[in-house]
Amino acid sequence: METLTNNFKSIEEFQVISDVFSQAITGELIGMSNFASLSGTIEDPFEKMEAIEHANGERQHAEGFMAYAKKTGLNININLNGSYWGRIRDVFLSYANKNDFIACLMIQEVMLEAFAVSMYTDVGRVLEDEAQKLFLSIAEEEKEHMDHSTEILRSELKKNPDDFIRKIEIIHYECMTILSEFSARTDLSGHCGVCHGDCMKNSLHHIGLDVVTMRGNALALYAEALDNIGIPGEKSVLWIANLPA
Amino acid sequence: MDSKSTSLDFAIIGHQESWQSITSFINGIRNASIEPLPVDKIKDVFGFMPPRDLFKITLKSKTGNEVNGVFIETFIDPDKLSARYLKTNISKVKKAISLASKLNAKLATLGGFTSIVLEGSRNEFKDISIKLTTGNTLTAGFILKGIEHACVQYDIRLEESNVLIIGATGDIGLACTHYLKQKVSTLLLNARNQRRLETLATSLRNEGVNVFCDTNLESLVPKADIIIAVASSKDILIGNTKNNVIICDAGYPKNLENRLLKKEDIILFHGGMGIINYGYTFSPNYKPFFYNYPVDNVAHGCVLEAVILAFEKKYENYSVGKGNITPEAISNIYQWALKHGVELAPFYNSKGLCKLFNTKV
Ligand SMILES: NC(=O)c1ccc[n+]([C@@H]2O[C@H](COP(=O)([O-])OP(=O)(O)OC[C@H]3O[C@@H](n4cnc5c(N)ncnc54)[C@H](OP(=O)(O)O)[C@@H]3O)[C@@H](O)[C@H]2O)c1
Ligand SMILES: [Fe+2]
C-alpha cells in the first residue's frame, strides 16, 4: 500500500493505470510475436533482419512499460490469448503462415500501429512525468514504423490497385472488426481477459480519458493511414461504416 | 486508381446540416445484413472522422460538354458549428482542401459553413495550386433572380419595394445590398454588430441610397415588402410582417422558416438554389442519402458555382474574401449558368413545392 499512496492519487487511478499498462504490455508482446513471425514471410535477407530488429524494438517497448510498472508497483496482468488479442494474433498468423508479407504489414504496421500510436498519444497526454515520456516516445517510434510501411504499401497499390484494394478490404474486415469490438463503449465480445475486474473503459475518467474519444481518434488515424497508402476515401468510409460499433 | 493520374475539374467541400443526414448515409451504406446503427454510435465514430471524398459527380452542359468532380465531406459536427469549435472546424476544412488538391481537382468550392476559411487570410493556401471559391456569387445570383422572378409572378414592382436584408454585413448580404441598392425603393438592413451595420449604411447614404438599418428587427419587419434572410442563425424571430410579404430564406440553418410557415399570408421559399437541366450522376450512386429536395436536379448555388466555372474552364478564385462580390460578377456567372442549362430552381420550402407560387403568372 505504501507504493500506491506514493505514486497514485487514488485506488481507482492505480487500478486504471494498471490496466492501461497491462494492455500496452500485452499489445507490445503481440507486436513482438507478430514481427518475429513476419520475418519468416520475408525472402530478402536484409528485410528479414529488419523484421527481427522491429520485434526487438517491440520487446524493448514491453520492457520499458514493465520496468515502470515494477517500479511503481502497478498490478499487471499479461494475457496474449484473451478474446481480442488472441483473435488478432490468429488473424495475423493465418497470413504469416501463407508467407503473405503485405497482409502482415497491413495488420501489424497499419491497423495495430494506428491504434497504438493514437491511444499511446492520448494516454501520454494525461499521464505525468516518466509515464508520459514513456508513452509519447513509444508512440513516436511506432509512428515511424507506420510511415516506413506506408511507403511499401503505397508502391504495392500502384502495381495493381484493384487487386490490392480488394485484398486490403478483406483484411480490414478480419482485423478491424476485432479492434472495433474491443474498443467499443462496451466490449462487444465479452471481457478482454486483460483488465482487472470490469473493463477499464468505464474507469478511464479517473485519469481524464474516455473510451469514445480514444476510439474516435484511433479510427481517425487509421482512416488517415489508409489515405496515405492511397486507398480512396470512398472505400475507407464504406469499410469503417460497416464495422461493429 | 492512382490519385494523381486522373484530374478532376472541381471538388465540392461540404458538411451535413444534421446528424440525422449523416446517420441515414452511414446506415444506407452499411451492409443490409447488419444492424443499422443508432445516431449516438455513429457520432462516436464519424464525429472524429477526417474529411473524405465520398463520391464522384459527372454533369452535362446544354452545350454537350461534361465535367467531373468529387464531393468531399468534411465531417464537421453539425451540432458544433459555433465559434467555440472554430479551430477544429477550420482544421477540418483545411484538410479537405489538401485532399481536393491531392485528388488533383482544379477548383474547389467551399459549401455552407466551410466558406469561412476563405473569408479571412488566404496566406496558408498560397502554396497549393488548387483554386478556391466560396460559391457566394452564384448563390447571391440565384437569391436575386428568385426575388426578381417572384416580383414578376406577384406583380410587385421591385423599384417601389422596401427590401429587408437580414445578415446584410455578411458576404452574401453585401452582394445582395450592392446589387439591389439602385433597384429598390428602400433598403432595410439588419445584422447584430451595430458598428459594421452603421458603416455600411453611411456609405450607402453617401451614394444616395435610401437606407434604414437597425440591429433590432422589430422596427424593420413591418416596413418590408420583401425579406432576404442570409444570416447563419435559426434564432431569428420576426413578427408583424406585411400581408403577402415575399421571403427568401437562404441561410443555414434555415433562418426564419420554422416559425413562419404556419402563417398563411406570407410567401416563403428557400433561396440560392439552382436546377440542372441536362442531368448529372453520382458514382457510387449515393443520391438517395444526400438528396432531400422536393424537386429533382436541384443544387445549392455555391455548389453550382464550381460546376459553372468548370464548364467555362475558368479555374480561378472566383468568390473570395468578404464584400468583394460585384453586380457584374453576379450577372456574368448567372449568364454562364443559363448557357450551360443551369437555371433558377423552382420555389419550394420545407412543406414542398410552392405550387401556387410557381404557376401563377
Ligand atoms: N443557398 C446557398 O446555396 C448558400 C450558399 C452559401 C451560403 N449560404 C448561407 O447563407 C448565409 C450567409 O452566408 P455568408 O457567407 O454571407 O455568411 P457571413 O459572411 O458570415 O454573414 C452572415 C451575416 O449574418 C449576420 N448575422 C449572423 N447572425 C445573425 C442574427 N442572429 N441576426 C441577424 N444577423 C445575423 C452577420 O452579422 P453579425 O455577426 O453582425 O450579426 C453577417 O452579416 C449562411 O447561413 C450560409 O450558410 C447559402
Ligand atoms: Fe478491457
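The residue list B:267, B:275 contains one member that is surrounded by 16 or more Cβ atoms within 10 Å (Cβ to Cβ), more than 14 Å from every other protein chain (Cβ to nearest Cβ) and away from ligand 1 (no atom under 16 Å from the Cβ), which is B:267. With respect to (1) surrounded by 16 or more Cβ atoms within 10 Å (Cβ to Cβ); (2) away from chain B (no Cβ under 11 Å); (3) part of a helix (DSSP H, G or I), the lone exception for residue A:218 is condition (2).
For the range B:24-67, the set of residues classified as at the interface with chain A (Cβ under 8 Å from one of its Cβ atoms), of a type in the set (A, V, I, L, M) and within 24 Å of residue B:80 (Cα to Cα) consists of B:26, B:37, B:42, B:45, B:49, B:54, listed by residue number. Scanning the range A:76-103 for residues that are modelled with pLDDT of 95 or more and charged (D, E, K, R) yields a total of 3. When restricted to residues that are of a type in the set (Ser, Thr, Tyr) and modelled with pLDDT of 90 or more, the range B:89-128 contains 4. When the range B:297-347 is filtered for residues that are assigned to a loop (DSSP other than H, G, I, E, B), open to solvent by 50 Å² or more (accessible area, probe 1.4 Å) and polar (S, T, N, Q), the ones remaining, listed by number, are B:317, B:324, B:326. Selection of first residues in the range A:14-40 that are open to solvent by less than 10 Å² (accessible area, probe 1.4 Å) and of second residues that are more than 16 Å from ligand 1 (Cβ to nearest atom) and of a type in the set (Lys, Arg), restricted to Cβ pairs under 6 Å at least 6 apart or on distinct chains, gives the following pairs, ordered by first then second residue: A:30/A:89. Looking across the range B:135-157, the residues that are at pLDDT 95 or above and polar (S, T, N, Q) come down to B:136, B:137, B:139. Scanning the range A:182-212 for residues that are at pLDDT 90 or above, outside any loop (DSSP other than H, G, I, E, B) and surrounded by 15 or more Cβ atoms within 10 Å (Cβ to Cβ) yields A:182, A:183, A:203, A:204, A:206, A:207, A:211, A:212.
Residue under question is residue A:145, and the condition is that it be more than 11 Å from chain B (Cβ to nearest Cβ), more than 16 Å from ligand 2 (Cβ to nearest atom) and of a type outside the set (Asp, Glu); does it hold? Yes; evaluated as a whole, the condition is true for this residue. Of everything in the range A:221-245 that is at the interface with chain B (Cβ under 8 Å from one of its Cβ atoms), farther than 14 Å from residue A:184 by Cβ and under 18 Å from the mean Cα position of the chain (by Cα), the residue that is most open to solvent (accessible area, probe 1.4 Å) is A:224.
Of the candidates B:236, B:246, the single residue that is surrounded by 17 or more Cβ atoms within 10 Å (Cβ to Cβ) and either in a strand (DSSP E or B) or free of Cβ contacts under 8 Å to residues at least 24 places away in the same chain (or both) is B:246.
Within the range A:114-137, if we keep just the residues that are crowded, with 20+ Cβ neighbours inside 10 Å and of a type in the set (Ser, Thr, Tyr), the residue that is farthest from residue A:208 (Cα to Cα) turns out to be A:118. Take the residues in the range B:162-179 that are crowded, with 21+ Cβ neighbours inside 10 Å and not in a helix (DSSP H, G or I), then tell me which one is farthest from ligand 1 (Cβ to nearest atom). Only one residue tops the list, namely B:163.
The values are calculated or read from the model by the stated rules, or taken from the named source; none is laboratory data. Remember, it's a predicted structure, so these values are computed and weren't measured experimentally. Positions of Cβ are generated from backbone atoms using ideal geometry, with glycine treated the same way; all protein chains shown enter the neighbour counts. All accessible areas refer to the heavy atoms of the entire protein, side chains included, with ligands and DNA or RNA removed. Shrake-Rupley method; radii C 1.70, N 1.55, O 1.52, S 1.80 Å.
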